[in-house]
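Some notes on the structure that comes next.
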Amino acid sequence: MPELPEAEVVARQLRVHLLGAQLNECWVGRADIVREGSPTLSWYHGSVLEGVERYGKSIALGFKKEDELRYVVAELGMTGLLLFCATQTKHPQHVHVRMSFTGGRESELRYWNPRRFGRLSLLDRAGLDRYRARRFGVDPLTVSRDEFVRLMQARRGRLKPLLMHQQVIAGIGNIYANEILFRAKLHPNREVNRLRRTTIIRLYDTMQAVLCEAISCGGSSVKDFFAPDGTEGQYKRRHLVYGKEGQLCPNRCGRMIRRLQSERSSFFCPACQSNRLPR
Ligand SMILES: [Zn+2]
């Protein structure tokens, strides 16, 4: 479930509570949670958390010791959570990593994920660069309008899968793709290469507005997303189409929100997001 807004909320909380803290110990409960770099685990003991970055739906913790920087990258995509120690989870057996800190506002950070294999990577700078290059396209919050237009014009295929294609645009998943397309009045199956420049710009502005509003609401708590301090995101209350099949369109067009036949997780209004008219 965590998508870009939720990951951004996580990154911001970690900065507030743990930047500058020293990592005393990093306990890894299952070897198969670590994708790469497990032999370097002991290096991190005694290092200081220097930076927290979000890439797509992942969080990179940057640690410094002497003059060296290394990173712990945790995937949040779909099921992962990073939690402070007072935050309870339903299935504590899925806490696979515990980091204990001194000198911060929190004393422990836990990584919870029911999907185990390879969700965490211990990387040096070159490793982080490779990791990012392989996985993440442009960031929807920082990509320029012109770059976004160029990117879209260079692609073919249907619009919604492209918005969710992490190697092209990193961080948007199913919930926000549905919400963005409804607000931009674009059918999920629109052919990308037939969109006009003005339409792509409308999509860009809508994408940034939706993601920023969601971040300011603490994200959306759907399928058990919690911020590290246990708070739930409130953006779910502002969802207009996601999970709203059979309800009247909030634009008052008189039609009901439907799901795409071919893709059951795509919610749209057949009138407001028509696939017929050129826009
Ligand atoms: Zn409508």
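No value in this document is a laboratory result; all are computed from the given coordinates. Quantities reported herein were computed from a predicted structural model and do not represent experimental measurements. Methodologically, a virtual Cβ is constructed for each residue, glycine included, from the backbone with ideal geometry; neighbour enumeration extends over all protein chains shown.
Gain in length, ALA271 to ARG155, computed as 0.36 nm per residue apart minus the alpha-carbon separation, to one decimal in nm?
Values: separation 116, 0.36 × 116 = 41.76 nm, distance 2.59 nm.
Result for the pair: 39.2 nm of gain on full extension.
Okay, helix-only estimate at 222 nm for the chain: each DSSP H run of n ≥ 4 adds -39500 (n - 2.57), divide by all residues, round to 500 deg cm²/dmol; what do you get?
On the way: 6 runs with 70 residues, N = 279.
Value at 222 nm, helices only, nearest 500: -7500 deg cm²/dmol.
Nothing charged except the Cβ atoms of Lys and Arg (+1) and of Asp and Glu (-1): what's the magnitude of the dipole of the chain about its Cα centre? Round to the nearest 20 debye.
1740
If you look for lysine pairs in the chain that are eight or more places apart or on different chains, how many of them have Cα atoms under 28 Å apart?
So the count works out to 20.
Answer with one residue from THR102, VAL52, LEU19: the one whose Cα lies farthest towards the positive end of the charge dipole of region 4-135, charges on Cβ with Lys, Arg +1 and Asp, Glu -1.
VAL52
Roughly how tilted is helix 197-216, in degrees to the nearest 10 and between 0 and 90, from the longest Cα axis of the chain?
40
Could you tell me whether region 4-135 comes out rounded, prolate or oblate from its Cα gyration tensor? Rule is a ≥ b ≥ c as square roots of the eigenvalues, rounded for a/c under 1.5, then prolate if a/b exceeds b/c, otherwise oblate. Show your work: numbers first, answer last.
Working: a/c = 1.24, a/b = 1.06, b/c = 1.16.
Here region 4-135 falls in the rounded category.
Where a ≥ b ≥ c are the square roots of the eigenvalues of the C-alpha gyration tensor, would you call region 1-77 rounded, which needs a/c under 1.5, or, failing that, prolate if a/b is larger than b/c, or oblate?
oblate
What shape does region 145-268 take by its C-alpha gyration tensor, where a ≥ b ≥ c are the square roots of the eigenvalues and a/c under 1.5 counts as rounded, a/b above b/c as prolate, and the rest as oblate? Could you put the intermediate results ahead of the total?
Working: a/c = 1.78, a/b = 1.25, b/c = 1.43.
Note, shape of region 145-268 comes out oblate.
Please give me the summed charge of the neighbours of TYR131: other residues whose Cβ is under 11 Å from its Cβ, Lys and Arg +1, Asp and Glu -1.
+2
Order the peptides 246-256, 72-82, 127-137, 46-56 from the highest to the lowest mean number of other Cβ atoms within 10 Å of their residues.
Ranking, from highest mean packing down: 72-82, 46-56, 127-137, 246-256.
Counting DSSP beta bridges with both partners in the chain, what percentage is antiparallel, nearest 5?
The antiparallel fraction comes to roughly 95 percent.
Among residues other than ALA227 whose Cβ falls under 15 Å from its Cβ, what is the net charge (Lys/Arg +1, Asp/Glu -1)? Intermediate values should be presented prior to the final figure.
Details: positive: ARG12, ARG15, ARG54, LYS57, ARG105, ARG110, LYS223, LYS236; negative: GLU3, GLU6, GLU8, GLU106, ASP224, ASP229, GLU232.
Residues near ALA227 contribute +1 overall.
Take peptides 232-243, 25-36 and line them up by average Cβ neighbours within 10 Å, highest first, as a rough protection proxy. Can you show the working numbers first?
On the way: 232-243: 17.4, 25-36: 15.3.
Peptide ranking by packing, descending: 232-243, 25-36.
Where the centre of each part is set by its Cα atoms, how far does region 199-263 sit from region 38-103, in angstrom?
Taking the Cα centre of each part, region 199-263 and region 38-103 sit 29 Å apart.
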